[in-house]
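The values are calculated or read from the model by the stated rules, or taken from the named source; none is laboratory data. Worth saying up front: this structure is predicted, and the values here are computed from it rather than measured. Quick reminder, even Gly has a Cβ in these numbers, built from the backbone with ideal geometry, and neighbours come from all protein chains shown. Just the protein is used for accessible areas: all its heavy atoms, side chains included, with ligands, DNA and RNA removed. Shrake-Rupley method; radii C 1.70, N 1.55, O 1.52, S 1.80 Å.
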There are 4 protein chains.
Amino acid sequence: MQMSMPRPAVPPTVLVTGFEPFDQDPVNPSWEVARALDGWDGGGATVRAVQLPCVFGLAVERLDQALAQWQPRLVVGLGLAAGRSEWTPERVAINCDDARIPDNAGRQPVDQAVVQGGPAAYFSTLPVKAIVQSLRAAGLPASVSNTAGTFVCNHVFYALMHRLAERPGVRGGFVHVPALPEQAARHPGLPSMALDTQVQALRVTLRTALAVTEDIVAVGGQLH
Amino acid sequence: MQMSMPRPAVPPTVLVTGFEPFDQDPVNPSWEVARALDGWDGGGATVRAVQLPCVFGLAVERLDQALAQWQPRLVVGLGLAAGRSEWTPERVAINCDDARIPDNAGRQPVDQAVVQGGPAAYFSTLPVKAIVQSLRAAGLPASVSNTAGTFVCNHVFYALMHRLAERPGVRGGFVHVPALPEQAARHPGLPSMALDTQVQALRVTLRTALAVTEDIVAVGGQLH
Amino acid sequence: MQMSMPRPAVPPTVLVTGFEPFDQDPVNPSWEVARALDGWDGGGATVRAVQLPCVFGLAVERLDQALAQWQPRLVVGLGLAAGRSEWTPERVAINCDDARIPDNAGRQPVDQAVVQGGPAAYFSTLPVKAIVQSLRAAGLPASVSNTAGTFVCNHVFYALMHRLAERPGVRGGFVHVPALPEQAARHPGLPSMALDTQVQALRVTLRTALAVTEDIVAVGGQLH
Amino acid sequence: MQMSMPRPAVPPTVLVTGFEPFDQDPVNPSWEVARALDGWDGGGATVRAVQLPCVFGLAVERLDQALAQWQPRLVVGLGLAAGRSEWTPERVAINCDDARIPDNAGRQPVDQAVVQGGPAAYFSTLPVKAIVQSLRAAGLPASVSNTAGTFVCNHVFYALMHRLAERPGVRGGFVHVPALPEQAARHPGLPSMALDTQVQALRVTLRTALAVTEDIVAVGGQLH
């Protein structure tokens, strides 16, 4: 007689997206950080890192493929915010594409909806306050941001939340990250954060996001 | 026989709100600017300026009274954004109160909805791009802003748009304004804009908002 | 018999210099402010406003002509500091030309002395702390600055102080001023100060500089 | 018979100073970076790291002891510039103590000379342009600064250059450094640079300062 072996439990997956370089810079920290943790199991789930093109529309197609392929329980999008000095979990995605510069395919939508007929905005379902608190406790600079802009980052963030709105068990959100020191060396005056520091920040972010399903109540707003 | 006299046409009304001082400052430019144009007829409508308390909830009660009293066809809320150097028409109001400091009544809501069950956000129905273009053409510094913060300004802006959502013929929005020079003289390093300049900016804003019912297509987004 | 008539007392002169436009901008507030007070007698002395070319060397030649012509008892140089939001009396001029961009004649000296063999620096002989205090008391934003940069402004400031070092009775210095609102309207994000406000600031500066010969002791330094 | 052994050549010494913490912060990156390279021989000389008290006067006494003890051929002072995002070699030290806050002993000099009767300023004798160029080439953010402020950093910098003016063979200068990430985690919004990055920057700075005795000609000035 043969014992039926229990199927090994498939560990849950966390999808982390980063962007290809844009705006004539040869590197994008959002992807460098994401791929550094591809395959990492630290938070009780396996990280899958996926690079998105910095192109309106195409980025969402690639996101959809990754969602279908990996069936993640948690999705964290990363994007570069040149000029910010901290990791900034985004609070809200808005239904607006308004490109200040062309994307990598030369597209420059102005004041168009990300999703025609979609709601004006979605709030992140990541515990943004708990993430900021955990990052700071680990000595990592962080603040909640109330705007993800109107470029491809917000585009992907909104599209992601629009999809997750129909998948109640899957949480997700977006974090803007600073430039790398090597970028600041080419753009005098730009704040930066070392890659090691940013990878550590992603670990803390993912662990917190997996562990905290209901955000803490902590002051973290902006007067304007 | 008695001729029926034609009823004199009542000129349409524009409601402009400003805030009382807060955060220990003796003056608030948003109210100084608003009241400077109380009764002004320049844009084909009569301006009514109303001061709101810098208090969550109470500010909206006062707004409701003003809406009922004046039945405006256009509503422009003004609020101080200390640290900004330009007039910044706000693009979007979000359904979130998250007070970094207590309001003038000591209230400090954290991550609460402005309107329970309301949509995540409302877009301004002012022609924000056209307003920025008109202001710049008049030599007045201006940019579109993508976040009104999470304090009483955003609270009033969201509550306003929630009400206007049910009054199709009435448009409205919010503009954050810089500190006055006298405030910057007490807070070294703060950018400022003279009261005269700001009053001129309000005139241009109101004229443009009355004349332009469908916004222009103009680049004015932010990368992040 | 003829009475000898007493010669009418010649009122002392204050020389105020401003610069012509540079860096492709059609206007320079330093000259607009200076010329607005040309001939003004408010502080017990008559203002003579002189425009300097934004050219290394030539600017000093023009300054020398003005010093010879007007024999001023006080000299205040004005220059634009795009990006500053306040009136900033400069504390110190350094013996260094280091041009980040070419001047209006295409000259771009790098790490050259303003005056070969001159001392490394001169301190302003204006009462910079008293001027800042008076400006703030009048509701005008102001702070002491510890660097006038290394472009034509510092060049003129250093050359002026080098000349005044041999004229014990004549005091002088330099003030950097913000952009005008019309400039900020062309350069989104730039802080600005209205021309009226700046002219008022020049009045306060000149009155204080004429009245206060020994500066007050007031905190006004920078950590770095 | 006893052979006389040749005396081992004493390698030249580089003195690097950092400061103790101040302004209520538990750590000071200037000292953390300096002590990380104490004993390092990488640039053809041995580094000696010395911590200075953040106290006017006492800091210079400690500096004098270190100069006497180590007889360095090169001296590099380091100090924290909270708010800067780059390594900033300072161009010039001015003869002025003007403390915005009390030092660690409660002293707060206002507009006093560092050295009574000393010259108004000294230029750094480090090759500041070459250092910035080397740092950037190594992917490390850096810019020349034209003001070291008027607090204890400038005080030590000026006192150092005053002493080196009489030791023709010894060069020296000062570099302001950014906050550490752990400090920025406590002060939201502050730019920072990781300790590893800063230690790497010190290595590049020392190697360049030892190798380059005459600075390169490179654009690096400021308009104001």
Based on DSSP, what percent of beta bridges with both residues in region D:68-199 are antiparallel, to the nearest 5?
35 percent
Given charges of +1 on the Cβ of Lys and Arg and -1 on the Cβ of Asp and Glu, with all other atoms neutral, how large is the dipole of chain A about its Cα centre, in debye to the nearest 20?
560 debye
Per-residue HN-Hα couplings for region C:203-212 [Karplus 6.51, -1.76, 1.60; θ = phi - 60°; Hz; x = Gly/Pro]:
4, 4, 4, 5, 4, 5, 5, 6, 7, 9
Sequence-distant residues sharing a close amide H with C:ALA194 (under 5 Å, placed H):
B:ALA194
The correct pair for region A:13-211, radius of gyration to one decimal and Dmax as a whole number, both in Å and from Cα atoms, is 15.4, 44
Give, in nm to one decimal, the length gained when the segment between A:THR13 and A:ASP38 is fully stretched (0.36 nm per residue of separation minus the Cα-Cα distance).
7.9 nm
Normalised by the residues of region C:114-224, what does the relative contact order come to in percent, with Cα pairs under 8 Å and at least six apart?
40 percent
Percent RCO, i.e. relative contact order, over region B:76-174, from Cα pairs under 8 Å lying at least 6 residues apart:
43 percent
Approximate spin-label separation C:GLN108-C:VAL217, in nm, with each point projected 7 Å along Cα-to-Cβ
4.7 nm
Pairwise over distinct Cα atoms, reciprocal of the mean inverse distance: report the Kirkwood radius of the protein assembly as shown in Å, one decimal place.
30.1 Å
Shielding of B:178-191 by partners, i.e. mean partner chain Cβ atoms within 10 Å per residue?
6
Only Cα pairs within less than 10 Å get springs; with that Gaussian network setup on chain D, which residue of D:THR213, D:THR13, D:THR150 has the largest fluctuation?
D:THR213
Pop out the ³J(HN,Hα) list for region C:100-108 in order, Karplus 6.51 cos²θ - 1.76 cosθ + 1.60 with θ = phi - 60°, rounded to Hz; leave Gly and Pro as x.
6, 10, x, 7, 5, 9, x, 7, 9
For D:GLY118, inter-copy label distances in nm, listed shortest first [label point 7 Å out on the Cα-Cβ vector]
2.2, 6.0, 6.1
Accessible solvent surface per residue of region A:69-132, calculated while the other protein chains remain in place, 1.4 angstrom probe, Å²
34 Å²
Would you calculate a helix-derived [θ] at 222 nm for chain C, using -39,500 (n - 2.57) for each DSSP H run of n ≥ 4 and dividing by the full residue count, to the nearest 500?
-9000 deg cm²/dmol
Label distances, nm, B:PRO102 versus same residue in remaining copies, Cβ-directed 7 Å point
2.9, 5.5, 6.2
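Across peptide C:196-202, what mean number of C-beta atoms from other chains lies inside 10 Å of a residue's C-beta? Don't skip to the answer; put the middle values down first.
Values: counts 3, 7, 1, 0, 2, 1, 0.
Average per residue, whole number: 2.
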Once D and A are treated as a pair rather than alone, how much accessible area drops out, both sides summed, in Å² to 100, probe 1.4 Å?
1300 Å²
When DSSP assigns beta bridges and you keep just the ones with both residues in chain C, what percent turn out antiparallel, to the nearest 5?
20 percent
Looking at the protein assembly as shown, send over the antiparallel percent of its DSSP beta bridges, to the nearest 5.
25 percent
Can you tell me which of C:PRO12, C:PRO188, C:PRO178 moves the most in a GNM of chain C? Springs connect C-alpha atoms under 10 Å apart.
C:PRO188
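For region D:123-224, state which GluC sites (Glu not before Pro) are in a DSSP loop and have at most 12 other beta carbons lying within 10 Å of their beta carbon.
Numbers: sites: D:GLU166, D:GLU182, D:GLU214; in loops: D:GLU166, D:GLU214.
Taking region D:123-224 and a limit of 12 other Cβ atoms within 10 Å, the loop GluC sites (Glu not before Pro) found are D:GLU166, D:GLU214.
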Over region B:1-146, what is the relative contact order in whole percent, taking alpha-carbon pairs under 8 Å and six or more residues apart?
23 percent
Per-residue ³J(HN,Hα) for region A:172-186, Karplus 6.51 cos²θ - 1.76 cosθ + 1.60, θ = phi - 60°, Hz, x for Gly and Pro:
x, x, 9, 10, 8, 10, x, 5, 7, x, 5, 6, 5, 5, 8
